[in-house]
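K.L.:
One structure follows; several queries about it will come next.
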2 protein chains.
Amino acid sequence: MRKQDSTNARNEASILRNCGMAYALNVIGGRWKPTILFSLLEGKMRYNELRKTIPGVSERMLVAQLRELEEHGLVRRNVFPEVPPRVEYELTELGHSTEPMLQCMSDWGNMHRKKEQVIAVQ
Amino acid sequence: MRKQDSTNARNEASILRNCGMAYALNVIGGRWKPTILFSLLEGKMRYNELRKTIPGVSERMLVAQLRELEEHGLVRRNVFPEVPPRVEYELTELGHSTEPMLQCMSDWGNMHRKKEQVIAVQ
DNA sequence: CAGAATCCAAAATGATACTG
DNA sequence: CAGTATCATTTTGGATTCTG
């Protein structure tokens, strides 16, 4: 087996290996989604309540990301027909299945950031 | 304790809870970094070899992301003084510490994508 | 080979004002 | 309250050419 062959085989293996990652990034990637999901792990929340847990997010972005999460089946949106309106967001079962992944990310961040720093998104 | 108080307390707790996440997103967030790191978990690689394991990445982006990962101390860049040049990238100890997090992401992706789909980045 | 430099297009994000 | 709509800005990405 020549060197070239083993290199190509390794590349193909890596590409395949990266599939799951690519899918995950597609669904929960981006600047806001992990934080949104992580907040919702605490339980259902109304729109403005959720927004307050995520410093720096704009209304536009929060709504857009919530819609994408809903499309991908991670988040359920409950609209109550009241005045003033009330909308609650909560994780679906699929949404809850991201917990280990999100917890890993959060743990890693807490482990490696300087203890004193309080990091806000961005 | 009024409702408002408990809501505020919950928000502050969530904001703090999100710090680690925010830090993690800052360091390994973005479209390419998780895939780059995940590929490098396989071992050190030369620039073009690494590029082949990540379909869709441009030279410009790959270099830029590698530089940022280097700045954050996750990746080491070894330049060999040869002609033609050889540059090898490998994870530092800090880089390796992302393995559980990356593995979680990849596992989640593999678990939930349709088994037949082969997902390329983007 | 491993990039740097340049130019441009497209997408993501932000700020603000407005509305059912 | 929970968004929309609009516009401005930033970031990201791609294509191409060039170089030690």
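What follows is calculated from the coordinates using simple rules that are stated; it is not laboratory data. The structure presented is a predicted model; accordingly, all values stated were derived computationally and were not measured. All Cβ positions, glycine included, derive from the backbone under ideal geometry; neighbour counts span all protein chains shown.
K.L.:
Could you give every pair whose Cβ atoms fall below 8 Å, whose first residue belongs to the range A:31-57 and is at positive phi, and whose second residue is part of a loop (DSSP other than H, G, I, E, B), counting only separations of at least 6 or pairs across chains?
P.N.:
These pairs meet every condition: A:GLY56/A:ALA120; A:GLY56/A:VAL121; A:GLY56/A:GLN122.
K.L.:
To continue, here is another question. Any residue that is assigned to a loop (DSSP other than H, G, I, E, B) and away from DNA strand C (no atom under 16 Å from the Cβ) - is there at least one of those in the range A:85-95?
P.N.:
Yes - at least one qualifying residue is present in the range A:85-95.
K.L.:
Could you count how many residues in the range B:60-84 are within 16 Å of DNA strand D (Cβ to nearest atom) and either closer than 19 Å to A:ASN8 by Cα or part of a loop (DSSP other than H, G, I, E, B) (or both)?
P.N.:
5
K.L.:
Considering every residue within the range B:34-53, establish whether at least one is within 16 Å of DNA strand D (Cβ to nearest atom) and assigned to a loop (DSSP other than H, G, I, E, B).
P.N.:
Yes.
K.L.:
Which count do you get for residues in the range A:73-90 that are touching a Gly at 6+ places or on another chain (Cβ under 9 Å), within 14 Å of chain B (Cβ to nearest Cβ) and buried (at least 16 other Cβ atoms within 10 Å of the Cβ)?
P.N.:
1
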